[in-house]
1. What does the charge count near residue A:212 come to, summing +1 for each Lys or Arg and -1 for each Asp or Glu among other residues with Cβ under 13 Å from its Cβ?
2. Can you give me the Cα centroid spacing of the range B:36-90 and the range A:132-152 in angstrom?
3. Along the charge dipole of chain A, which of A:108, A:230, A:160 sits closest to the positive end, that is, farthest toward it, with unit charges on the beta carbon of Lys, Arg, Asp and Glu (+1, +1, -1, -1)?
4. About the Cα centre of the range B:218-311, what is the dipole size in debye to 20, counting +1 per Lys and Arg Cβ and -1 per Asp and Glu Cβ, all else neutral?
5. State log₁₀ I(q)/I(0) for chain A at q = 0.07, 0.16 Å⁻¹ as given by the Debye formula over alpha-carbon point scatterers of equal weight, solvent excluded.
6. Using a simple spin-label model with points 7 Å from Cα along the Cα→Cβ vector, what separation in nm is obtained for residue B:70 and residue B:281?
7. Figure the gain on full extension for residue B:172 and residue B:150 (residue separation times 0.36 nm, minus the Cα-Cα span) and round it to one decimal in nm.
8. Could you give the length gained on full extension between residue B:40 and residue B:312, defined as 0.36 nm per residue of separation minus the Cα-Cα distance, in nm?
Amino acid sequence: MRSFYQSQQAAASKLFSSAVFQELARKGRSSLFSSLFAETGLGTSLGKSARVGDAFEEAFDRLCREGSRDEYIYKTALIRRVLLGRHSLKTACALNEFRVGECKADLAILNGTSTVYEVKSERDSLVRLDKQLGAYSLVFASVYVVSAETHLKKLVSSMPEHVGLLRVNNRFQISIVREAIDRSADLSVPAIFDSIRLEEAQRILSYFGVETPVVPNTELCSVLREHFLVLNPHQAHEGMVRILKDTRSHIRLSDLLRELPRSLHTAALSAPLRKLDHSRLISAVNTDLQVALGWR
Amino acid sequence: MYHPYFRGKQFDLLTIKETAPTLAWAGFTPIIEPVRGALSSLTRALDAVIENDGSAIIVVNPEHGEMSESGEPISKMLEETYLDSSEVSAGILLTAETSLTEALGCFNKHSQHTPVFIHSGFTNSKNLAQELGVLTKNNLHIFVDDSGVKLAAKHFKAASRVLLRDGFKRRKNKEYPFLEPFSDLHATYPDEGMDGFGDFLIVGDEYADGGGLPLVLAIHLTFIDSDQDDMMQIYHFKSKMHATQQDPAGKFAEALAVMMETLDSPDSKVYETDAVLEFRELFKKKHFPGLGYIKKLSMSHHIQTFAKYFGQGK
């Protein structure tokens, strides 16, 4: 087997960046794709009839091998198992890069409850982890770290007790090292309010029978906050799960996902897409690779 | 005279549409670089310009945005809709990457649309001038200020020349000073041997590149300082520092309160333009109209301020 050099690996990794995906969605073509794919050197492993979608699958396969895996691979493993495996886009909802305080959670899943996942791949350092876990523990019922073998030992001894730990093995399977402990009764109501949108807070309040008074919109946030802080943590969390499952739903992406290679599902779930982007994306991934390599 | 340069996003085009009477009355010519694939807002802006007997320059080979790979739809629109409209000219952007052949090809292709050259880092000006032959004041050349601008401009002395200089120093919202100089080009362009001047207005600080909301909200407002030789200065009215991106409306109210205090001080030199009156109305109603709308008001105010400055002698 030919070796996969670091520069080739970096290029393969960047193929799944939002820059490439956004360009495909906006323009139906991507010069970034053609130059990055050429850099991976993977073209020779593909037949003449290969399409852009096959190129993504090939690059993804390479990145899945241990030592090469980046955050995108870990997120995909999670999304396949938790969102598209155990649940579906109908019953659950994925929050990507969800902002909590100064941190951004890699992935959170809302079904009957809320679970957040922070990825620490073999390429990540653990420097920010304490801060991240502290922030997520204020907003989500269960907190998991998804990690590479290399970090496991250190994590088991250093993480707070309620935080769970998952590992991704060589065969791309996720196994539980330690279960998370549900803390939905101890969450922070102000932190929940600060993480969601005003119209979501309004809908949560209205679900609990609190109607928002009519005020000028420059005063709306402070008025809503005042009302929201009356909820107890259990209510705030239940409301967040119930309402955000609807407002952040990806159900309208179901048709698109069927048309895209599996390796791009995570990218599609993470990107802000307009309806007219869908057909451009589909035609882009169905383009002959030979043609696409000429995209300038 | 004044040539404001717009990257044609939604609120830029709305600004042109709504200030079209002022632009026309004052003899200002907006330059529009279309950056969105959909052209309907652009045609609405152009129609308003024409209706008011104004003029506009449309860049047919944009450097930025969704049309950067091919400006063909723009050329097609000029050909189909504005062939009879002498008010609308084709702008040909000359960057460091543009070749002489491309420049001339673009010129010939748009010869029906009184082509205007916009020199922005172009290094082949001498040869271009030779190829174009005899120039008159009916030929317009626009120069974006950079280190090579004087050399480029000297080849086009016989033509009408306009100098564009970016007076807006962009940075993170929290880093803007309360007040700083903007530009003196409106008062000095004749001394630089130019027939007109332009700028990139105040590009509002709405959604940053990533599409997020700012921690600090800033409203930009320009004025002519009669105590400083008519130099233009700019106020940056900021909200307090916040830890989260939440509540842009509340931050707007804070920034607006700072603006009102400044406007109502006895030595305020800010013109009470229509845009300023609208800010006053928003303050009274405690209403946040959205970040794009605020940018539009700031741009309108900037144009109205120049219109008033130059109109005083009329």
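The values are calculated or read from the model by the stated rules, or taken from the named source; none is laboratory data. Source: prediction; values computed, not measured. Neighbour counts run over all protein chains shown; Cβ positions are idealised from the backbone, glycine included. Each accessible area value is taken on the protein alone, full model and side chains, heavy atoms only, with ligands, DNA and RNA left out. Shrake-Rupley method; radii C 1.70, N 1.55, O 1.52, S 1.80 Å.
1. Computed value for this residue: -3.
2. Going from one Cα centre to the other spans 52 Å.
3. After comparing all options, I get A:108.
4. Dipole size: approximately 540 debye.
5. -0.31, -1.26
6. 4.4 nm
7. The residue B:172-residue B:150 span can extend by a further 4.8 nm.
8. Value of the extension gain: 94.4 nm.
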